[in-house]
Structures are given as C-alpha cells and as structure tokens.
Amino acid sequence: MTPLPTPPGTVDVHTHAIAPGLPDLSRYAGRWPSVERTSATEARILLDGAPYRVVDDRCWSAERRLADMDAEQVAVQLVSPIPVTLCHGESADGAAVLATAQNEFLAGLAAAGRGRLRPLGAVPLQDPARAAEELVRCVRELGFAGVEIGTRVGERELADPAFDDFFAVAAEIGAVVLVHPVDQTIDPRVAGLALGFGLGMPAETGIAAAALVTGRERTPGVRLCLAHAGGTLPAILPRLDRGAVLAGDPSRPATVRARELWSDSLAYDEHSLRLAVTRFGAGHVVLGTDYPFAAREAPAGAVLAGLDDDLRRAIGRDNGLDLIAGAPATDETGGGRWERSSASA
C-alpha cells in the first residue's frame, strides 16, 4: 500500500466528536446520552434528559475541523467519541446500538476529511465478545485506527481476564486502543470537592493503568494509549515497584511494563510531559490536545515548545504516525498508510 503524502504538521491523537443526533435509547434501561440541536451550529448534549454540555459544529463538521487544523498546522487528527457516550456501565444492547450509530457517523466524518481525519470508534465493552466484533468492523471494514474505551467497565477493571480476548483481537489487528476516563465514574469524594477534572480523571486513568502494569501479565502487543499524559501513573510507578517488592510479587517491575504503553502529551506542563517521556519512552508519547473542548491545549503542541527539535518532532508527529501504522486505512479514510517523515512539527 503506497504511503500517503501527509501535509507538514502535527498528528493529534486525542480529539473528540459527536453526531448532531443520537439514536433514541429509551427502550433500554440506563442513563443514556442524547443530542438536542439549538441552532445550525450549536447543540446540547443531554444525559438521562439533563443538560450535560454545550457543543458546537466543530464536533460534527469536517470543514470546520479542517479549518482549525490548518490554522494550527495539524496534519492529522484521530477523532474519538465524547467519553460520556461510551456507556460501559449500561445495558450491553443499548451500548451496542449507540456504538454502531457513533461509528457510522465517524466513518462519514472521516470520508469528508480529505484523508486527514482517522476515527477511533466506540465498542460495547461490557459485552467483550460483541466489543471485539465491533472493533474488527471498525478497523477492517470502516478503516478506523482503533477504538476508544473507558477506564472501567461497570465495576470491572480493564485488567480483568474477561477482557483478555478483546485485547488479544486488538493486538492481532494492530488497533490503537485509547483509554480515556469518563467523568461519570470518578470517585464521589473527589467530585464533591469539585476536583473531578483536575484530580478525578487523572486518578481514574492511573488506577486503571496501575492494574494493567502490576500482577499478572497483560495481553502482549496491544497499542494501548493513555489519555492525559498517563494520568497519575507516571508519578506512582516507583511506588508500585516498591509495593511489589514488599508483597513478594515476582512480576516484572511496573516501571518496565509501563514502557509497553503509550500516552498522549496532554499534561499542560513541560515538566510533567518530560516525566511521561521518562516513564513511557521517547518513542511512546504522542501529541494529544482534547480538541475541541475548553480543556484543550491551544495551540496544538504548545507544551512541546521547550523540547529539543528531535523530541518535539517525535512527539508532535512521528510517534503518532508510528502508533497508527498497524491499522490499515481504507479508501474511505485515506487509501493507505500515512508517510512517516521528518517534516517540521
């Protein structure tokens, strides 16, 4: 497959989108998201009928996204669902309907994206077998780079053996699996302190990832990327190592196993980003911005400004292309693999 001539610029692996309309899931028990259009360019996301977030057409318009990407010299975006729509703790049947609808929307968005938008789809992870089937459809049929999942599935951790087959399929087909916390599942104590964004979401990622790098070995070869610079995991890895020694755990140290993971760069701080580079490796940190929301880094790659040229180029562009190299693109999503280059990031 001939590499695509990617325009100069960065590769942003952490952006979100939502369709301007979602399926009616009221026939399924649970708390479901919906979208209510308020104008040609704005909408409200509702959760169980209550207002959740106001969004605009950057969430569904390829043209609007491309204009913003051009303004900030972003060559490629990976586009994933808004995490509250993953619904891993709700009915598997309803989550499957929602995932299918979101994936069809994302496929259409990518088709309008001139080869510069590559989706990460949704899966009903509470039904691992069905999730694996949808993962394969996303990658093999729709040409997605992979999928986005939450940090937990109901009360089950991602390290639960129930998800081994799902991760094995992801490894087999070279899919990216972006792990992103969902603000609805954070510790109520943290939410009560109004620290959900600053502490709750990074802690959710840290807990999920800590379970993956301790104890029994996880499925090898998964392209698993942690949002928000790995959350709290980089800071606690040495303590996990020490805890394993104290417990007489003969497993490989967590600091070693963590280097099999990837993380994005969304730390808002160069020192925190450098810690992520130390923990995951210079080749396993990729640019992520949280576009198009208020939490986004703007301009894209601002946190990379103080890095040397090689590291800035690696995080800003080349590592992202390497991360998604395992998932083949279809004609609808670009016609081939993107060309890895040393063009300026």
One residue from Asp70, Asp48 being without any contact (Cβ under 8 Å) to a residue 24 or more places away in the chain and farther than 25 Å from Asp183 by Cα
Asp70
Inside segment 272-296, can you point out the residues that are over 16 Å from His180 (Cα atoms), open to solvent by 10 Å² or more (accessible area, probe 1.4 Å) and part of a loop (DSSP other than H, G, I, E, B)?
Ala282, Gly283, His284, Ala294
Residue match in segment 142-158 (condition: over 24 Å from Arg296 (Cα atoms), free of Cβ contacts under 8 Å to residues at least 60 places away in the same chain, out of contact with any Ser or Thr (no Cβ under 9 Å at 6 or more places or on another chain) and of a type outside the set (D, E, K, R))
no
Here are some residues: Ala300, Ala305, Ala314, Ala343. Which one is at pLDDT below 95 and at negative phi?
Ala343
Considering (1) under 21 Å from the mean Cα position of the chain (by Cα); (2) under 22 Å from Gly150 (Cα atoms), say which one Leu46 fails and leave the rest.
(1)
I'd like the full set of residues that are touching a helix residue (DSSP H, G or I) at 6+ places or on another chain (Cβ under 7 Å), open to solvent by 10 Å² or more (accessible area, probe 1.4 Å) and in contact (Cβ under 8 Å) with a residue 40 or more places away in the chain, limited to segment 198-219.
Glu204, Ala210, Thr214, Arg218, Thr219
Regarding Glu104, is this residue of a type in the set (Asp, Glu), in contact (Cβ under 8 Å) with a residue 40 or more places away in the chain and at negative phi?
no
Matching residues, segment 175-189, being modelled with pLDDT under 95 and buried (at least 16 other Cβ atoms within 10 Å of the Cβ)
Gln184, Thr185, Ile186
Ala235 is checked against (1) surrounded by 17 or more Cβ atoms within 10 Å (Cβ to Cβ); (2) at negative phi and fails just one. What number does that condition carry?
(1)
Which of (1) more than 29 Å from Leu287 (Cα to Cα); (2) open to solvent by 10 Å² or more (accessible area, probe 1.4 Å) does Gly115 not meet, given it meets every other one?
(1)
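The values are calculated or read from the model by the stated rules, or taken from the named source; none is laboratory data. Computed from a predicted model, the values in this text were never measured in an experiment. Cβ atoms come from the backbone with ideal geometry, glycine included; neighbour counts cover every protein chain shown. When the accessible area is computed, the model is the full protein with side chains, heavy atoms only, and any ligands, DNA or RNA have been set aside. Shrake-Rupley method; radii C 1.70, N 1.55, O 1.52, S 1.80 Å.
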